[in-house]
Structure formats: C-alpha cells, structure tokens
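To start, the structure itself, in structure tokens.
The values are calculated or read from the model by the stated rules, or taken from the named source; none is laboratory data. Please read all numbers here as calculations on a predicted model, not as lab measurements. Because the Cβ atoms are built from the backbone with ideal geometry, glycine has one as well, and the counts that use them run over all protein chains shown. What goes into the accessible areas is simple: the full protein's heavy atoms, side chains included, and nothing from ligands, DNA or RNA. Shrake-Rupley method; radii C 1.70, N 1.55, O 1.52, S 1.80 Å.
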Amino acid sequence: MKKCLLIPISLSALMIFSVCCAKNPTQEEKPWEWSLEQVQSEVNRVRAGKDLTPESWPGGTRVAIALSFDFDAETNALRDLNLSPGTFSQGEYAARVAIPRILALLDKYDIPASFFVPAVSALLHKEEIQAIVSKNRHEIGLHGWIHERNSLLSEHEESDLMYKSFDTLKELTGKAPVGIRTPSWDFSQHTLAIIKEMGLLYDSSLMADDRPYEILEDGKSTGVVELPVEWLLDDYPYFGFSRYSSVRPHIKPMDVFAVWAAEFEKAYDEGTLFVLTMHPKYIGHRSRMSMLETLIQYMQTHDQVWFATHEEIARYVKEGDGTIE
Ligand SMILES: [Zn+2]
C-alpha cells in the first residue's frame, strides 16, 4: 500500500507536502488511463453485500441502538510522537474522568455499550478496563495497538499488531474480542483478509450503508458483518479541537443532539440500526454528557427500542439471517 513521505520544499517557509508512492507506479500515475476492468477491480476489493436488517429485532423491538466509545486515551498522541504532557493529559482525562462518568450514565439507564480500545490504552488503564468488564454487559473490541494508521503499514505489520492486540485484550478482559473498529476507520487493502483469518464476527469501520450488511471481497461472500459508521454520527467532528492544525469550532451540544436525534428518528422509522461513535476524551465533558443523557432519554421515549452491544447486534443479524455462514 501507499507510503507517504514528507518532503521539505522550502527551507524559509517550512512548507511540506506529501508525495505518495504507489506499489504500481504506472497505475498510480495514470488512473485516468485505467480500463474499466482495472477500476472495477480496485473498487470491488471490499464492497457492501446484502442488507442484513432482520424482519424484526429481538422481542419485537423496532430499532437496534449501538452506543460505542473509542477509548483511545493517549494512543493517538503516542502514534504521532506528540510526547507533550499537555496532550497526554487530554488522554488521561478520558480514563480519569470520562470513563467513570460514562459507566455511571450507562448504569443509570441500565444499557450496554461497546468500547473499542487500542491495546496500549488498555495496558495503560487496566483499572478502567476492569471497571468496564465488571459491569458484565459491555463489550470490549479491537481498535489497533497504538491507534496506528493501517494504510501506512505492510500487511505483515498490520497483521502482527492485530494479533498482538487481540492477545492483549483477551488477557486483560478474560474474553476474546469478536469485532474490530479500525483506528481512525483506516481500513487498508489488507484489513479484510486479516479479519477473515482471525475469524472475527464483525467490523465497524466502513460507510456503505446505514443498515447492517455483509462485507463482500471481490464480489464474494465473506460472512463478516459490517455495522457501519459515519462522520455525522461521531462526536469528533463536532467536539474535536486542534489548536494549530485547523479550525475546529466548538458546537453547542444541543445542536449535535438535533442531528443525532433526527438520525435516530429515521432509523426508528426504517426499523434498522443506529450506531453512534463517541470518544471519552470528547463526549466525557459535563455539558456533552448532559446532552448524551438527553439523547438516551429521548430514544427511550420511543416504544420498542433495543440497546445492545455491537457483538449482540452482529450475532443477531448473522444468525437470524441464516444465509451467510
Ligand atoms: Zn480511535
């Protein structure tokens, strides 16, 4: 896959730009000369297969609600070699303040959630992992080793880190993870092959639908369930803030509520799936947790809603469907 090099082009202006080298320079340089077959072979490598929305959800419920928290803590900064204690402290907040706050909220409404955790984050915050596990209703899923960017790794490196992460989470939680959310949703050209080799039940990193679907590889069935994500259903674009790299305006929490509630309404009408991706370091602040509580209350005012982990939903759509292995 592509390796990106940072090349200084002006000493005075400190300008840099990225040059991506392809595995096949001819294809990389002139995709406009590709045949339709070449184009199709690239885009069909990983595609959405059949819609796995069941006739009804368990107990006759009308919508499946999958709340997820990506507990990255300090790993994004570590990956980028941003070793500032100031940046680390934002990750520390996730463990020290946000995780207890999130667990208390989930307790209050007696609902489950999935936590996707880079193995290094789990190793740095074993007590918080144990706190999540001790509730006996939450799921802990794979989220890389140190929030690495899969597309910058060789297949061998990506595979090694996934197996190492799997072993680490299994040892810390006492249960083998069954699903993955790739770090930064960076699903490389090798990720699906590794998921299949590991026998994982599901992925939650792709965006080809709002509904659960089966992932196809080169047009063929894989048996891997996708529980799709979307940036508008992620807290980071609304609440993330990077002082030096770009403008990231803070948004009123209730403006985000309006977007998420409207998304939920439509999922409820369609009888499908509502997946929300959150990060303790962003959602875990007071005003935003109040908004999340309001959203949970709002969803609970609807009849027949099913709050479940990603694992529970993936098992239900796979086993209920019966047409994928
Ligand atoms: Zn993450």
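Remarks
- Two-site label geometry, Leu123 and Thr301: point separation in nm, points 7 Å out along Cα→Cβ: 4.7 nm
- Cα-Cα over 21 Å, subset of Lys135/Lys170; Lys50/Lys196; Lys126/Lys196: Lys126/Lys196
- Rg and Dmax of the chain, Cα atoms only, in Å: 20.2, 66
- Binning all Cα-Cα separations of region 60-158 at 5 Å, short to long from zero, yields these whole-percent fractions: 2, 12, 21, 22, 16, 12, 8, 4, 2, 0, 0.
- GluC sites (Glu not before Pro) restricted to region 228-267 and DSSP loop, no more than 16 other C-beta within 10 Å: Glu230
- Where both bridge residues fall in the chain, DSSP classifies roughly 40% of the beta bridges as antiparallel.
- Euclidean distance of C-alpha centroids, region 154-226 and region 88-112, integer Å: 25 Å
- Relative frequency of Cα-Cα separations exceeding 19 Å in region 257-317, percent: 35 percent
- Three semi-axes describe the equivalent ellipsoid of region 162-228; taken as square roots of 5 times the Cα gyration tensor eigenvalues and ordered largest first, they are 21, 12, 11 Å.
- Lys266/Tyr109 FRET efficiency (R0 30 Å; Cβ-Cβ; nearest 0.05): 0.85
- Within the same chain, lysines fewer than 8 places from Lys252 are excluded, and of the rest, those with a Cα less than 30 Å from its Cα are Lys108, Lys266, Lys281.
- Mean residue ellipticity (222 nm) of the chain, computed from DSSP H runs ≥ 4 via -39,500 (n - 2.57), nearest 500: -12000 deg cm²/dmol
- Rounded if a/c under 1.5, otherwise prolate or oblate - region 178-325, Cα gyration tensor axes: oblate
- Gain on full extension, evaluated as 0.36 nm per residue between Ile251 and Glu33 minus their Cα-Cα distance, stands at 74.1 nm.
- Accessible area per residue (1.4 Å probe, heavy atoms of protein chains only) ranks Phe241, Phe274 as Phe241, Phe274, with the largest value leading.
- Alpha-carbon Debye profile of region 85-217, log10 I(q)/I(0) at 0.14, 0.18 Å⁻¹: -0.67, -1.06
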